[in-house]
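Asks: Here it is: the structure, laid out below.
The values are calculated or read from the model by the stated rules, or taken from the named source; none is laboratory data. Predicted model, so just to flag it, every value in this text is computed and none were measured. Remember, those area values only see protein heavy atoms, side chains included, never the ligands or the DNA or RNA. Shrake-Rupley method; radii C 1.70, N 1.55, O 1.52, S 1.80 Å.
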Amino acid sequence: MKKLCLPVLSLFLIICLSPQLLKSQDDDFIRQPPRRIILTKHTRSDSDPQQVHISLVGKDHMRVSWVTDSKHGKSVVEYGKAPGKYNGMATGEDTSYKYFFYSSGKIHHVTIGPLEPATIYYYRCGGSEQEFSFKTPPQKLPLEFAVAGDLGQTEWTNSTLEYIGSIDYDVLLLPGDLSYADTHQPLWDSFGRIVEPYASKRPWMVTEGNHEIESFPIIYPTGFKAYNARWRMPYQESGSTSNLYYSFEIAGTHVIMLGSYVEFDAESDQYRWLQADLAKIDRKKTPWVVVLLHAPWYNTNTAHQGEGESMRKAMEELLYNARVDVVFAGHVHAYERFTRIYNNEADPCGPVYVTIGDGGNREGLALTFKEPASPLSLYREPSFGHGRLRIVNETHAFWGWHRNNDSNSVVKDQFWLESLSSSETCSESVNQKEKTASSSVNDEL
């Protein structure tokens, strides 16, 4: 009883005695407390598809993933451009896993295509009568990403998803912490069901967070067992050997998903892969480069201080030299946007850093920021919400952060972003560095 009373009393004292912690930069907005967890039950038959979600594979294919309780379900997807008319069919593979006394359903992964851009397709999984639909992303700009981290499955999660779904977008990016199952495997199933109405209609591209690790000494030492089985991403297509880090290209934009909880030092596979992946980007054809990871490299919130620092020291120079435009992170349950930075200093050729770990998690908000505010931090607020990155053309993009409210989603932070590939100053400095490096190599030879 004492264990239960203490956290309740602490929450009561925070709300009643320190209301300034719950106030945003608006005097008239009182921050909402955490809301209850939603457990979404399975209401279909054992053979019917559930937890359906899609993800991009290459330039014109889509992976359809779902779960059936029946072990006899077929890994087949029928699809077409008109309801009930399926002129395409593809078969795939299935997997399953055990975690202590839990046994997953049959997890299906089927890649379909080639598909036409900006086109609505109707599909059904495993021969079931239930029909789903999705829209493929455009082949050319403009392109819109919805961005939400640390999603979880609470009433706040529901409101975030409703606001995301109320405005059209092309792809959702999630920088880690999906289900918050934390070894309680049925929560993975519940999460799959709560996101299905959205993740079955638009591709969801995700990377892992600390809540996906679920390791256990000796028995499950490497972790990510459920995550890798359920949320398969196109890592092989990008030359990666791990589902925990990968990249993909879409409409003039190169998106890199990094793993904060995988080895990342200069001798690691992830580091070497990132180095090679960045080297392949042709900024004339792909003017935008976006990176997602979980633990933020820059953070003025008192929560999770310094947890991304070792990764920053190992990899920041690679991103800077490649002129990455923006880096999204989660982990800290608040919103914060920084100016362009390199090595803890404002730099016009560095990425914009954004923390957006405010999707709706069960742990609540990270309410306290360091004071005084750093001049590098341009906007910060501990509220639930999501972001929108609309890449308008080869040179400009528009970012907006939408704060959740009880009745609507309010845009509280927004700005225009110029691609570093269009900056003569930054392009010239990169070319000069390449010439210097080439000269050094020739001198050594």
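Asks: Which sequence of Y86, Y298 reflects their accessible areas, 1.4 Å probe, from the largest down?
Replies: Of Y86, Y298, the descending order of accessible area is Y86, Y298.
Asks: Still on this structure, I have one more. So for the chain, Kirkwood radius off the Cα pairs, Stokes-Einstein at 10 °C and 1.306 mPa s: how many µm² s⁻¹?
Replies: Working: Rh = 22.7 Å.
Approximately 70 µm²/s, per Stokes-Einstein.
Asks: Any chance you could get the radius of gyration and Dmax over the Cα atoms of the range 136-290, in Å?
Replies: In Å, with Rg to one decimal and Dmax whole: 16.3, 49.
Asks: Continuing with this model, one more query. Can you give me the solvent accessible area of I281 with a 1.4 Å probe, rounded to the nearest 10 Å²?
Replies: Solvent-accessible area, nearest 10 Å²: 30 Å².
Asks: With a 1.4 Å probe and all protein chains in place, put R193, R230 in order of accessible area, largest first.
Replies: Descending accessible area places them as R193, R230.
Asks: Pull up the DSSP beta bridges for the range 203-322 and report the antiparallel fraction as a percent, rounded to 5. The partial results should precede the final answer.
Replies: Working: 6 of 11 bridges.
The answer is about 55 percent antiparallel.
Asks: What does DSSP give for the chain in terms of the percent of beta bridges that are antiparallel, rounded to the nearest 5?
Replies: 80 percent
Asks: Shifting gears a bit: Let me see the pair-distance distribution of the range 179-265: every alpha carbon pair, 10 Å bin width, integer percents in order.
Replies: 15, 45, 33, 7, 0
Asks: Give me P(r) over the range 82-150, computed from all C-alpha to C-alpha distances, binned every 5 Å, as integer percentages.
Replies: Bin by bin from 0 Å, the calculated values are 3, 11, 17, 17, 15, 17, 11, 5, 2, 0.
Asks: Sticking with this structure for a sec: Relative contact order (percent) for the chain, with alpha-carbon contacts under 8 angstrom and 6 or more residues of separation? Before the final figure, lay out the partial values.
Replies: Values: 1032 pairs, mean separation 63.3, N = 445.
It rounds to 14 percent for the chain.
Asks: Next up: Take the residue pairs K41/K85; K41/K225; K313/K412 and return only those whose Cα atoms are more than 28 Å apart.
Replies: In this structure, K41/K85; K313/K412 exceed 28 Å between Cα atoms.
Asks: Using square roots of five times the C-alpha gyration tensor eigenvalues, list the equivalent-ellipsoid semi-axes of the range 303-377 in whole Å, biggest first.
Replies: Semi-axes (√(5λ), whole Å): 23, 14, 12.
Asks: So how much accessible area does S159 have, in Å² to the nearest 10, using a 1.4 Å probe?
Replies: So the heavy atoms of S159 present about 10 Å² to solvent.
Asks: What translational diffusion coefficient, to the nearest whole µm²/s, does the range 39-159 have by Stokes-Einstein, given a Kirkwood radius computed over alpha-carbon pairs, a temperature of 25 °C and 0.890 mPa s viscosity? The partial results should precede the final answer.
Replies: Values: Rh = 15.9 Å.
Estimated diffusion coefficient is 154 µm²/s.
Asks: One-quarter of the Cα convex hull surface for the range 256-392, in nm²?
Replies: Numbers: hull surface 33.9 nm².
Seen from a random direction, the Cα hull of the range 256-392 projects 8.5 nm² on average.
Asks: Of all accessible surface on the range 62-149 at a 1.4 Å probe, what whole percent is carbon and sulfur?
Replies: 50 percent
Asks: Here is a further query. Quick check: at a probe of 1.4 Å, how many percent of the accessible area of the range 272-421 sits on carbon and sulfur atoms? If you can, show how the numbers build up before the last one.
Replies: Numbers: 2670 of 5510 Å².
Carbon with sulfur: 49 percent of the solvent-accessible area.
Asks: Using Cα springs under 10 Å in a Gaussian network model of the chain, which residue among E394, E129, E381 shows the largest mean-square fluctuation?
Replies: In this elastic network of the chain, the residue with the biggest mean-square fluctuation among E394, E129, E381 is E129.
Asks: Would you mind working out the accessible area per residue for the chain, using a 1.4 Å probe, and quoting it in Å²? Intermediate values should be presented prior to the final figure.
Replies: Details: 19760 Å² over 445 residues.
So the chain comes to 44 Å² accessible per residue, rounded to a whole number.
Asks: Now a separate question. Defining a contact as two alpha carbons under 8 Å apart and six or more residues distant in sequence, what relative contact order in percent does the range 318-368 show?
Replies: Across the range 318-368, relative contact order equals 41 percent.
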